[in-house]
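A.B. asks: Handing you a structure now.
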Amino acid sequence: MRPVTLRTVIFGLVAAAVFAATAFAETKPAQKGPMEKPAEAQQQPAPAMPPAPVPTKTETLNFDTWTVTCQEFVEPKPKKVCFAQMRVTQSPSGQLVLLWTIGYRDDGQLETLLRVPTGVAIRQAIDLKIGAGAVRKLEYATCEPAFCTATSQLDAAQLKELVAAETIQFVVYGSNGQNLKLDLPIKGADKAFAALKRS
């Protein structure tokens, strides 16, 4: 059985999520067409992922726009994995548009995973702007049939900036030219990350 890591838990939790193909279009449906993929991804099929470990205990805490989830595992060895999440859904359908997850890796480094629907312009990455700070690029790491995932590390300075900010902006570029711009409140981030440190 594979080791229990933050990424293993996140992939297991949302692998079954199905995103709307029209998530990037606010007034009209997105054009249908093949998803843009890097050349190497087109040449080799992705290997099948083994089943995710099953937690023996799950605890969930809500902090305004954030949810902190802690899961305990006994296999392959006892371990506790915690992560903070912000979910953005499309109204009125309730379909998931963006899932932002932040947690500590085994080496103590904070990692962020941003999951969005397919149909994205992979080479343009995702724009991330915290408060009035500079725009950062989140590069895509993987794409599945229903979603693509961008990953990045967060250092101490970036975490401080995130906790102090009141808003955050994401720009997701669509492969058909229809882009998704989200300006979101991030109230509760200070409490959510304090809970992560205590776990």
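A.B. asks: Collect the residues in the stretch 153-163 that are of a type in the set (Gly, Ala, Ser) and either open to solvent by 80 Å² or more (accessible area, probe 1.4 Å) or modelled with pLDDT of 90 or more (or both), keeping them in residue-number order.
C.D. replies: The one that is of a type in the set (Gly, Ala, Ser) and either open to solvent by 80 Å² or more (accessible area, probe 1.4 Å) or modelled with pLDDT of 90 or more (or both): Ala156.
A.B. asks: Determine whether Ala121 is open to solvent by less than 40 Å² (accessible area, probe 1.4 Å), more than 22 Å from Thr67 (Cβ to Cβ) and either out of contact with any strand residue (DSSP E or B) (no Cβ under 8 Å at 6 or more places or on another chain) or not aromatic (Phe, Trp, Tyr) (or both).
C.D. replies: yes
A.B. asks: On the given criteria, is Lys137 of a type outside the set (Val, Ile, Thr), more than 26 Å from Asp64 (Cβ to Cβ), open to solvent by 70 Å² or more (accessible area, probe 1.4 Å) and part of a strand (DSSP E or B)?
C.D. replies: Yes, satisfied.
A.B. asks: Looking at the stretch 172-199, which of the residues that are open to solvent by less than 20 Å² (accessible area, probe 1.4 Å) and over 25 Å from Glu72 (Cα atoms) is nearest to the chain's Cα centre (by Cα)?
C.D. replies: In this case the residue turns out to be Val172.
A.B. asks: Is at least one residue of the stretch 159-168 of a type in the set (S, T, N, Q) and touching a residue at least 40 places away in the same chain (Cβ under 8 Å)?
C.D. replies: no
The values are calculated or read from the model by the stated rules, or taken from the named source; none is laboratory data. Model, not experiment: these values are computed from the prediction. Cβ coordinates were reconstructed from backbone atoms using ideal geometry, including for glycine residues, and neighbour counts include every protein chain displayed. Protein only, heavy atoms only, side chains kept; ligands, DNA and RNA dropped before computing areas. Shrake-Rupley method; radii C 1.70, N 1.55, O 1.52, S 1.80 Å.
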